[in-house]
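The values are calculated or read from the model by the stated rules, or taken from the named source; none is laboratory data. These numbers were taken from a predicted model, which means no experiment stands behind them. Cβ atoms come from the backbone with ideal geometry, glycine included; neighbour counts cover every protein chain shown. Side chains included, ligands, DNA and RNA excluded: accessible areas come from the protein's heavy atoms. Shrake-Rupley method; radii C 1.70, N 1.55, O 1.52, S 1.80 Å.
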Amino acid sequence: MDFLFNIGMYHFLLLGLFLFLIGLLGTIISKNLLRILISLEIMFCGITLNLATFSVYSDGTHFKGEILALFVMVMVSVHIAVGVAIMLNIHGFKGTVDVEEIGELKG
Amino acid sequence: MDKLQAIIFYIVALAAVVGAFRAVFTRKIFYSVLYAFMSFIAVGLLFFALELPYLGVVQLALCGVGMTVLFVFAIALTGKKDEIISPIVHRPRTYLSIIGLLLLTGILACFFRVGSFMSDNIAQTTNGVIPSTKAISAELFMSYGAPFVFSGLFFLAVILGFGVILSMKIGGKK
């Protein structure tokens, strides 16, 4: 019971781990390109949560980890935006966003 | 944290996990985006629970609202009915992946040594000092000014690149 009601670092890390694994699962099994991007975003949410947790619990007074997490968030948003742009272009070219149908690398 | 805060944490954490799970497994892609939105908002609330309001606001604004709007527009632009309600998984691969990820979770949980952080809390670890938003802003604009400006310029370049990629014609269909 003490573990359940005394929320600490471990709880946040476990939650981040769950989010990361669910995102990884979605990235592996999804066929829709947009769903893969959403899964990637979920994975990065888990990563950012872990970064922030480590920042708070290990270096709470210097918040270097928090700033790193901030930069990671911006980079993730940028990656997803580029991914969506490429997806829209592929849809215009192939007429589908199914990864099995667009799985040819040859141009 | 007392019991009430613990219960709130569990509710928000459950929303994050359920939202993420439904985002992956919901059949309709639009509902998938809405569940992902729920998950992002819940993670943003968890940043507030960690006494990190700066990150919480960025998470809500950028990953929560911004990404959701982007996804919704992407659905609207690729909006053929058979794609919006498309089959999402390969069954054998799904079951194998779930088993593998459960094993991975167990291994990683052992790695984190269950219970070693049970009695931790933020105020104890940081001797009661919680970084304020003002202090973080000062640090961001002074010590980390160069990377902050660089990432801002990078973000601007990507927004421009987004438009360029969309306007490109990659062979084939004109």
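Taking the conditions exactly as written (surrounded by fewer than 20 Cβ atoms within 10 Å (Cβ to Cβ), modelled with pLDDT under 85 and over 24 Å from A:Ile90 (Cβ atoms)), does B:Leu60 satisfy them or not?
no
So which residues in region B:13-25 are more than 9 Å from every other protein chain (Cβ to nearest Cβ) and of a type outside the set (D, E, K, R)?
Across region B:13-25, the qualifying residues are B:Leu14, B:Ala15, B:Val18.
May I ask you to say which residue of A:Phe93, A:Phe18 is facing chain B (nearest Cβ under 7 Å) and without any contact (Cβ under 8 Å) to a residue 24 or more places away in the chain?
After applying the criteria, what remains is A:Phe93.
A quick yes/no check of all residues on (1) in contact (Cβ under 8 Å) with a residue 12 or more places away in the chain; (2) not in a helix (DSSP H, G or I):
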{"position": "B:Val12", "(1), (2)": "yes, no"}
{"position": "B:Ala16", "(1), (2)": "yes, no"}
{"position": "B:Ile41", "(1), (2)": "yes, no"}
{"position": "B:Gly56", "(1), (2)": "yes, no"}
{"position": "B:Gln59", "(1), (2)": "yes, no"}
{"position": "B:Cys63", "(1), (2)": "yes, no"}
{"position": "B:Val69", "(1), (2)": "no, no"}
{"position": "B:Gly79", "(1), (2)": "no, yes"}
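From A:Asn6, A:Asn50, which residue is open to solvent by 10 Å² or more (accessible area, probe 1.4 Å) and at the interface with chain B (Cβ under 7 Å from one of its Cβ atoms)?
Among A:Asn6, A:Asn50, only A:Asn6 is open to solvent by 10 Å² or more (accessible area, probe 1.4 Å) and at the interface with chain B (Cβ under 7 Å from one of its Cβ atoms).
If we only count helices (runs of 4 or more DSSP H) wholly inside region B:111-170, which ones have 1 or more residues that are within 7 Å of another protein chain (Cβ to nearest Cβ) and modelled with pLDDT of 70 or more?
B:133-141, B:145-167
When residues of region A:23-42 are filtered for being touching a residue at least 24 places away in the same chain (Cβ under 8 Å) and either over 10 Å from the mean Cα position of the chain (by Cα) or more than 7 Å from chain B (Cβ to nearest Cβ) (or both), how many remain?
8
I need the full set of residues from region B:3-23 which are under 14 Å from the mean Cα position of the chain (by Cα) and of a type in the set (Gly, Ala, Ser), in order please.
Answer for region B:3-23, where residues must be under 14 Å from the mean Cα position of the chain (by Cα) and of a type in the set (Gly, Ala, Ser): B:Ala13, B:Ala15, B:Ala16, B:Gly19, B:Ala20, B:Ala23.
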